[in-house]
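Here's the structure we're looking at; comments come further down.
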Amino acid sequence: MSLKSMKPLARAPLLHVSVQESLRAYISDNGLKPGTMLPAESDLANQLGVSRNSLREGIKALESLGVLESRRGIGIFVKAFSFEPLLDNLAYGLGGALRQIEEVIEIRRTLEVGLIGKTVEMIGDDDIAELRATVDRMRVHAERGQSFADEDQLFHTLLFRCQHNETLARLIDVFWLAFYKASDFVNLENVDPVATWRDHVAIVDAIEAKDVAQAQKRLDRHYDGISRVIAANKKSANVGGAQ
């Protein structure tokens, strides 16, 4: 395959940034797919008109963003897109500030409540059966006073799986996992896990009944419950800064 060459860079104060931009453009201009190996470092450095050290800085930065992948002794490869770098940076940026985590939850709440109507229209019996099985496992944990973070995440994934919207599924994972990682939600005290389980049951009941308004209401109420858990823990731990 004949590949387009990169233009030499005009040296700038932030040369590694220019290297990153040129590498991105090279991947895009040539339509390189995940798994494609880039030319050798020496070739890339010559095309850009930079040192191999400057090239390597740019490559390392793109590796941290999940754009490239270095395989020792083999070469540099285009990496399949993943939200993981965004997730890691988002969780790191949030730290332990529950006030900011509340903002993440509000975005997630608006997204899910706004799209649940489409799920009501499209969901099939198999997905409903999986939702029922998931809430049954929640009940077992709730009656023991245990958390059920894994089941909670799966539940929200199943809610929207029928829409076959990969970007939506990834966004839901990003917001949900960032919330858990940043807030350590699995260890936040929930004084009434049984009530949380019942919230999930009510959501499934409304979806199965094809009642959009009730599904929206129950899902919104569920997020009220999460907000109360956060508020209670924020108050007791005095976390999140001034309001």
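The values are calculated or read from the model by the stated rules, or taken from the named source; none is laboratory data. Just so you know, these numbers come straight off a predicted model, no measurement behind them. Here the Cβ is made from the backbone with ideal geometry for all residues, glycine too, and neighbour counts use every protein chain on show. All accessible areas refer to the heavy atoms of the entire protein, side chains included, with ligands and DNA or RNA removed. Shrake-Rupley method; radii C 1.70, N 1.55, O 1.52, S 1.80 Å.
Details
- Close pairs (8 angstrom Cβ cut-off, 6 or more residues apart or separate chains): part of a helix (DSSP H, G or I) and modelled with pLDDT of 95 or more in region 122-148, open to solvent by 60 Å² or more (accessible area, probe 1.4 Å) and not basic (K, R) anywhere: I128/E208; T134/L154
- Filtered residues of region 134-155 (kept if within 23 Å of the chain's Cα centre (by Cα) and not β-branched (V, I, T)): M138, S147, F148, A149, D150, E151, D152, Q153, L154, F155
- Any hit, region 158-167, residues being open to solvent by less than 60 Å² (accessible area, probe 1.4 Å), within 18 Å of R139 (Cα to Cα), touching an Asp or Glu at 6+ places or on another chain (Cβ under 6 Å) and modelled with pLDDT of 85 or more: yes
- Of the candidates S70, S54, the single residue that is open to solvent by less than 40 Å² (accessible area, probe 1.4 Å) and among the small types (G, A, S) is S54.
- Once region 26-63 is narrowed to residues that are in a helix (DSSP H, G or I) and of a type in the set (V, I, T), the residue that is nearest to L14 (Cα to Cα) is I59.
- Checked against the criterion of being farther than 30 Å from Y223 by Cβ, modelled with pLDDT of 90 or more and touching a strand residue (DSSP E or B) at 6+ places or on another chain (Cβ under 9 Å), region 10-27 contains one or more residues that satisfy it.
- Selection of region 61-85 for residues being basic (K, R), over 19 Å from the mean Cα position of the chain (by Cα) and within 19 Å of K33 (Cα to Cα) yields only R71.
- Failed item, numbered, when D126 is tested on (1) out of contact with any helix residue (DSSP H, G or I) (no Cβ under 9 Å at 6 or more places or on another chain); (2) among the acidic types (D, E); (3) within 18 Å of R221 (Cβ to Cβ): (3)
- Given (1) at pLDDT below 95; (2) touching a helix residue (DSSP H, G or I) at 6+ places or on another chain (Cβ under 9 Å); (3) open to solvent by 90 Å² or more (accessible area, probe 1.4 Å); (4) among the charged types (D, E, K, R), index of the condition R109 fails: (3)
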